[in-house]
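The values are calculated or read from the model by the stated rules, or taken from the named source; none is laboratory data. Here the structure is a predicted model, which means the values were calculated and not measured. To get the accessible areas, we keep the full protein, side chains included, count just its heavy atoms, and leave off ligands, DNA and RNA. Shrake-Rupley method; radii C 1.70, N 1.55, O 1.52, S 1.80 Å.
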Amino acid sequence: MKAKNLIKLSFYSRSVNEGFARGALAAFLAQADPTVPELADVKTAVSEAVTNCIVHAYPGGVGLVHMSVALYEGGKIKITITDKGVGIADVEKAMQPMFTTGNPEERAGLGFAVMQSFMDKVKVASKPGQGTRVVMTKTLAGRG
């Protein structure tokens, strides 16, 4: 299926850019006329995916985060967040609620669980030393 519209953005894995990613996503999705709760859900899922890149992908440094958002007929959206960071050795384990490789006093380990709760589908592919790709899809009912 060919997208009606598509954006691709790249930005550094700096915490200030998490808000930028959410804002750019919201501006792009306005054309689909999502409801306020739908937009909040998708922005939260993207925030979690981007934050994972910022916190985990490039420990002790900064690297690029890539975000693409495709809009299809019928309100379907596909959001892809990728990095070329350290990768995830065990994706299945990493997707379990409460699992974190970060400081457990600072991180709840709920990023993937949050993404899954707000999106219709979340797929994660990763290779240690090569990076991670998170693909999230959702069909927006919209306002009309």
What is the extension gain from Ala27 to Ala89, computed as 0.36 nm multiplied by their sequence separation minus the C-alpha to C-alpha distance, in nm to one decimal? 18.9 nm
Solvent-accessible area of Ser47 with every protein chain in place, 1.4 Å probe, in Å² to the nearest 10: 20
Once Thr44 and Gln116 are pulled to full extension, the length gained, defined as 0.36 nm per residue separation minus their Cα-Cα distance, is 24.8 nm
